[in-house]
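Notes for the one structure printed next.
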Amino acid sequence: MRIGELAERTGASVRSLRYYEQQGMLSSERSASGQRHYDEAAVDRVLLIRQLFAAGMNSTAIAELLPHVAPCGRRCPPQVLRRLTAELDRIDARAEELARTRRILHGMVEATREAMREA
């Protein structure tokens, strides 16, 4: 598939896809005219890259980890497991922080609603 179709299927911009390639996170074959062509597996790879970015990982970390994430079942070096575990711990801490913030905001909303009912 060409870059425009990959962008459409994944929700990533063409510019992002080019960046992923530049950073070594994605690869394509080039046609004689220089157009990028991607295989079907690129869809899942881009979706994973986008999830990892959304989780707060940077491109350097993603590029380092991607070769060990897929295909599933491959043995990974211990440092990869440590890095994955550290990222998971970071995401868990952020999720807990967001949950605390949500509880505070929820309390503020309820207190404001109550005050408005009494007014």
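The values are calculated or read from the model by the stated rules, or taken from the named source; none is laboratory data. Only a predicted model underlies this, so the values are computations on that prediction, with no experimental measurement involved. Cβ placement follows ideal geometry from the backbone for every residue including glycine, while neighbour counts extend to all protein chains displayed.
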* Asked: Is it the case that residue 105 is at pLDDT 95 or above and surrounded by fewer than 12 Cβ atoms within 10 Å (Cβ to Cβ)?
  -> yes
* Could you grab the pairs with beta carbons closer than 9 Å, sequence gap of 6+ or different chains, first residue in the stretch 4-29 and not assigned by TED's automatic domain parsing to the domain that holds residue 62, second one outside any helix (DSSP H, G or I) and surrounded by fewer than 15 Cβ atoms within 10 Å (Cβ to Cβ)? => none
* **Counted residues, the stretch 46-67 - those being small (Gly, Ala, Ser) and within 15 Å of residue 16 (Cα to Cα)** => 3
* Does the stretch 34-82 hold any residues that are within 16 Å of the chain's Cα centre (by Cα) and at pLDDT below 85, and which are they? -> 67, 68, 69, 70
